[in-house]
Amino acid sequence: MKKTILITGAGSGIGLDTAWALAARGHQVIATTFDQAQADALRVQAQSRGVALQVFKLDITSAADRQQIAALELDVLINNAGIGESGSLAEVDVDRIRRVFEVNLFATLELTQLALRGMIERRRGTVLFVSSVAGRVPVPFLMPYSMSKFALSAAGAGLRTELKQLRCNVHAALIEPGAIHTGFNQSMTDSKYAWMGPQSYFASQVARLKAEEARTFGLLEARSTRSIVAQIVKAAEARKPRLRYVAPWIQGFGVRLARIFGV
Ligand SMILES: NC(=O)c1ccc[n+]([C@@H]2O[C@H](COP(=O)([O-])OP(=O)(O)OC[C@H]3O[C@@H](n4cnc5c(N)ncnc54)[C@H](OP(=O)(O)O)[C@@H]3O)[C@@H](O)[C@H]2O)c1
């Protein structure tokens, strides 16, 4: 069945590739972007590829932008927009953590509530939350981000149970990507070096941290978004999506092991 699917943060990375994949499968895709420039560029790209995409700017932290979705009859909302932030919890400015929660959790929830109104009324719909494997195991020096994804995964799982009790045929599910090379991880890990001066507890370890991060992500990151996009498509098309969709599978397996061993 062809569905009307809105995706946030579709100006780049996983969101953009998901928009192309869903459109190729014949769905009516509404690809929304953080800013107007991304929306204009995406519209041009869609035209030149001959792909029917509806595109508009939706900064999920803007109430006015969010309001645009109130009138849409969505079958699926894909909450993909997200930001990263790094630094040790021992010293990171808590306002930086607030900003991450504002986007990754609070704005995401506000948008979801708007979409849910129509879905519950029509007794049909799916909300997907693009969380992270970093929402299953705490990641040192990425905790501002990791905590926001823990909270998002908890929110998605809790909402799923609540919706079940409404028996309204509206579902919530989690998408949990492992490390994927989109540039997101590099910007996130680098963000802390903008403020970690000589006063940082970790000042003498910066060179080691940078080398470790480059090595870890170099080894870990999937080179393409293909596996996670396939999972998002599966979840969006499912009549009753399961709770979690994880990719690449090897990273999902690693997370399960880490949890068994109490990381
Ligand atoms: N790549 C990974 O390894 C990985 C792993 C686990 C989970 N994830 C999650 O996957 C999702 C997509 O990440 P990605 O890797 O594809 O990185 P990305 O290309 O940076 O995608 C994130 C998108 O969200 C947009 N965005 C940021 N703030 C927004 C806002 N307030 N309103 C609307 N859009 C906003 C960004 O716009 P700008 O580009 O203009 O900032 C960007 O287009 C994120 O939720 C991320 O946490 C990624």
Single unsatisfied condition, Cys168 versus (1) assigned to a loop (DSSP other than H, G, I, E, B); (2) under 12 Å from the mean Cα position of the chain (by Cα): (2)
Selected residue [farther than 22 Å from Ala64 by Cα and within 13 Å of the ligand (Cβ to nearest atom)] from Ile7, Ile14: Ile14
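For the range 181-189, does any single residue satisfy the condition of being at pLDDT 95 or above and more than 16 Å from the ligand (Cβ to nearest atom)?
No; the residues of the range 181-189 include none that is at pLDDT 95 or above and more than 16 Å from the ligand (Cβ to nearest atom).
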Restricting the range 198-231 to residues that are aromatic (Phe, Trp, Tyr) and open to solvent by less than 70 Å² (accessible area, probe 1.4 Å), the residue that is nearest to the ligand (Cβ to nearest atom): Phe217
Odd one out for Ser62 among (1) surrounded by 14 or more Cβ atoms within 10 Å (Cβ to Cβ); (2) of a type in the set (Ser, Thr, Tyr); (3) touching a helix residue (DSSP H, G or I) at 6+ places or on another chain (Cβ under 9 Å): (1)
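Which of the residues that make up the range 132-145 are near the ligand (Cβ under 10 Å from one of its atoms) and either in a helix (DSSP H, G or I) or open to solvent by 30 Å² or more (accessible area, probe 1.4 Å) (or both)?
Val133, Ala134, Gly135, Tyr145
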Looking only at the range 150-177, and only at residues there that are in contact (Cβ under 8 Å) with a residue 24 or more places away in the chain and among the polar types (S, T, N, Q), the one that is surrounded by the most Cβ atoms within 10 Å (Cβ to Cβ): Ser153
Exclusive hit being open to solvent by less than 50 Å² (accessible area, probe 1.4 Å), modelled with pLDDT of 95 or more, of a type in the set (Gly, Ala, Ser) and away from the ligand (no atom under 13 Å from the Cβ), set Ser88, Ser48: Ser88
Residue among Lys192, Lys234 that is of a type in the set (D, E, K, R) and either open to solvent by 40 Å² or more (accessible area, probe 1.4 Å) or free of Cβ contacts under 8 Å to residues at least 40 places away in the same chain (or both): Lys234
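The values are calculated or read from the model by the stated rules, or taken from the named source; none is laboratory data. These figures come from a predicted structure and were not determined experimentally. We place every Cβ from the backbone using ideal geometry, glycine too, and count neighbours over all the protein chains shown. Heads up: the accessible areas ignore ligands, DNA and RNA and are worked out on the full protein's heavy atoms, side chains in. Shrake-Rupley method; radii C 1.70, N 1.55, O 1.52, S 1.80 Å.
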